[in-house]
Every structure is written in structure tokens, then in C-alpha cells.
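The values are calculated or read from the model by the stated rules, or taken from the named source; none is laboratory data. Please read all numbers here as calculations on a predicted model, not as lab measurements. Here the Cβ positions follow ideal geometry from the backbone for every residue, glycine too, while neighbour counts run over all protein chains shown.
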Amino acid sequence: MLCVGSAVVRAQFQMPDPKQMSGIPRPVTDLPDHAISVRLIRGELSNNIANHQVQLRIGSKTVTVKTDENGRAQFNDVTPGAPVKATADVDGEHLESQEFPAPDKGGVRLMLVATDKSKGPATEPNAAPISGQVVIGNQSRIIVQPTDEAVDVYYLLDIENTARVPVNPGAPFVFDVPKGATGAGIMQGSSPLASVKGRRVTVQGPFPPGQTLVQVAYEMAAVDGSVSISQTFPATFSQLGVVVKKVGDTAISSPQIANQREMPAEGQMYIAGSGGSIAAGQPMTFEISGVPHHSSAPRWVTLMLAAAIFVVAGWSSRPREQNEAEDAAERKRLISKRDRLLNDLVRVEHDRRSGRVDPHRTATRREELISALELIYGALDSDDAGPAPVDHAGLAAPMGQLRAS
């Protein structure tokens, strides 16, 4: 699931580096037929190179045109089908396009991108670190996978250092996973700078230029089908992104999620939620509901009846002359409860045999009733006195048969 969720949420459009687009011809319809427009830039799209010579080799001949104020050199009436290639020389750097046939109809646009040498190297990872800030980038995601009475939570954190050199943040990059989390760990593929001890996650500086990937996993219990998660991070979370695997009625709510939608991936359904920026130290909160779980009714019935048995046992230890009427009243109450439970069991058996209700719900309710009846019979057996003795021997066999059926 983690691989699927990561692939789903990271598939977002990003503008490529202009250098990666350099020299690639692009057919267009906004130019005259047989025209080729070459744009010359230095480093960035906003940095046009004006009044500079660009050559277009057309077959065996070469045509030269100077760029205008927008950095474009346009070659008109190029022989259709002729092999062409654009070239330019900028500050000693030779630039050239792919070779391609001149268009029969419409035109072609392309860029030639020179290196912006005024900026120096893009990064200097071996330089001495400086004081600076990092952010949790907008490719970071929180992924939640419901299991049986629990959720597995994954943090995929792209910690970004936009400086050209390593930086040391003013405060350590340390955070605790939520209270109640168990099994916290750093996942394979994370930066070696990351470690975890108990609930505490630490990422040691300095942070190199670019991205530092930290992937954290832990589990949260959801015995009643829901769980609340509150998490703070020591750096700004640039753009909130959450992905939840949808199992049955699983849902997510958060005041910080502005948009959410369901999406399929590899035969599974996921809920993708997004929100804005969350400042460092500000809690992000989520409520996950509809997590698969077992009914807690049997546990509560058992606890309540056990308490009742304890009280009855305590009363039976008193001298017989004290409040015998109260003992009789309690026995009468237990017998009345037994009769109600037996009537409920008869109805459940009838529904089960007729097939009118969900078999799983019927089986669960039937088990709850049988467990409750066994406890009541135990309480009645512990009381030898009473106005309405029960034929326990006659009921023991049917109860055993119900258990076995």
C-alpha cells in the first residue's frame, strides 16, 4: 500500500528545468507555414538573450538571424522536408538543437538554453555549513492504512534545503509521534541522518542542499473504530497532503483539509486530502473513522455481569438475618434478566434459521447472549436460597447445544 500511496500522491506536474527542454523541436500552428522560431535564453525562461546570432542549417546551407528583444530568431519559408538544425554560441558555450525535418504545414518552435555562469555551481554540498532554515516540501505526504482495530501511519517527509550549501537550522529537527503510537521506526530508503528512540524522531544536521528524505512509520490503536492523530513538526509543512486507504466506511476529517476526493489505484480505493501550509510547531489534527473493529458489547456485558456477581457474592456472605428481602429481590431481578435474554436468544435463533438478517451480525449477537446467560446461571447457582429455584440441569444441555450449533 505504501508504494501505491506514494506513487499516487507524488504524480503531480512540475515545470522541468529549461536545460532539459533545450534543442527539442515543438510543432505549432501559431506560426506561418514552413517557419521555424528559435528562442535563446540564459538559464531561466525570464532571461532572454537579445541581439545575438542564431544559425539554422538547412540541408547544405546555413542561414543566420539575430534574436529580437524577446530572444527569438525566426526563419521563414524553410524548404519543407529539408533536414534542419539550429545552433548558437554563447560565452564560449556551443548550443545546438536536435536535427529534424522542416514542417510541411504549420511551424516549429524550439529553445536553446545557455548556462547562467553568473550564479556559479547549483550546489556546493562539501562547503562549510551555514545557519539557515529547512522546510518540509510540498511533495511530503501522510499516509494512513486501516488494519484490524488499528491504523498504520506513514510520514513521507521531503525536508528541503534551498540553499547552495549545507545548513544547520536554529533548533534541532526533532519531533515526537503522537501519544498512543507504538512501534515507531525509520523506514528503509530514509536518510542516514534520521533516527528514532521510543516516540522521538531526530534528524541530525547539517542538511545538505536539496532534499533529505525521512520516512517514519508507527501504529495507533482504534479499538472502537476511530482514532485521533495530532502531530507537530519543527519546520513548516509547505502543503498538507494526506492519503487514506479506504476500507469499508473509512473516512477522514480535519479542519486543515480543504479538499478531499476518492481515487482508485491498483484495485483499491484511497481518499486523497489536501490543505495549505502549516507553520512549524502548529499541530495538524486528523480524525480517522470507520476503521474495521469488533463490537465492544461482549466485553461490557461481561464486565457488568461480573460486577453484579461480585455484589451478589458479597451479599451472600452477610448473616442470613440481614436484609433477606434484598437477597430475594436481587435473585428475582437475575431471573427476570435471564428470561429476557432467553427470549432474545429465541428471536435471534429464529432470524438465523430464516436467513432474514446478516449471518455475521446474528452470530455475534448470539454469542453475546449465550455469554451473558452463562454468567447469570453462574450467579444463580451461587445463591442456594430464593423464592424461585431454577432447573439448572434441564437448561445446561440446551446451552451446550447452542454453543455447538
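Scanning segment 242-257 for any residue that is on the phi < 0 side of the Ramachandran plot, in a strand (DSSP E or B), crowded, with 21+ Cβ neighbours inside 10 Å and touching a helix residue (DSSP H, G or I) at 6+ places or on another chain (Cβ under 8 Å) turns up at least one such residue. Comparison of V134, V90 shows that the only residue that is surrounded by 14 or more Cβ atoms within 10 Å (Cβ to Cβ) and in contact with an Asp or Glu (Cβ under 9 Å, 6 or more places away or on another chain) is V134.
Tell me yes or no: at least one residue of segment 126-133 is of a type in the set (S, T, N, Q), free of Cβ contacts under 8 Å to residues at least 12 places away in the same chain and part of a loop (DSSP other than H, G, I, E, B). Looking for residues that are of a type in the set (S, T, N, Q), free of Cβ contacts under 8 Å to residues at least 12 places away in the same chain and part of a loop (DSSP other than H, G, I, E, B), one finds at least one in segment 126-133, hence yes.
The residues of segment 360-387 that are at pLDDT 70 or above and farther than 20 Å from R331 by Cα, listed by number, are A363, T364, R365, R366, E367, E368. Does at least one position in segment 57-73 carry a residue that is under 17 Å from P18 (Cα atoms), outside the structural domain of G210 (by TED's automatic domain parsing) and of a type outside the set (G, A, S)? Scanning segment 57-73, I find at least one residue that is under 17 Å from P18 (Cα atoms), outside the structural domain of G210 (by TED's automatic domain parsing) and of a type outside the set (G, A, S), so the answer is yes. When residues in segment 215-231 are screened for being within 11 Å of K179 (Cβ to Cβ) and surrounded by fewer than 17 Cβ atoms within 10 Å (Cβ to Cβ), 2 of them pass. For a quick check of your reading: which strands (runs of 3 or more DSSP E) sit entirely within segment 1-86 and have at least 2 residues that are exposed (fewer than 14 other Cβ atoms within 10 Å of the Cβ) and modelled with pLDDT of 95 or more? Where strands (runs of 3 or more DSSP E) fall fully within segment 1-86 and carry at least 2 residues being exposed (fewer than 14 other Cβ atoms within 10 Å of the Cβ) and modelled with pLDDT of 95 or more, they are 61-66. Checking each residue of segment 117-135 against the condition of being within 25 Å of T285 (Cα to Cα) and of a type in the set (A, V, I, L, M) gives at least one match. The residues listed here are G185, G170; of these, the one that is assigned by TED's automatic domain parsing to the domain that holds S238, part of a strand (DSSP E or B) and free of Cβ contacts under 8 Å to residues at least 40 places away in the same chain is G185.
Contact annotation: residue pairs with Cβ atoms under 6 Å, 6 or more positions apart or on different chains, pairing a residue in segment 54-78 that is in contact (Cβ under 8 Å) with a residue 24 or more places away in the chain with a partner that is surrounded by 13 or more Cβ atoms within 10 Å (Cβ to Cβ) and among the polar types (S, T, N, Q), are Q55/T87; N70/N48; G71/N48; R72/S37; A73/T67; Q74/S37.
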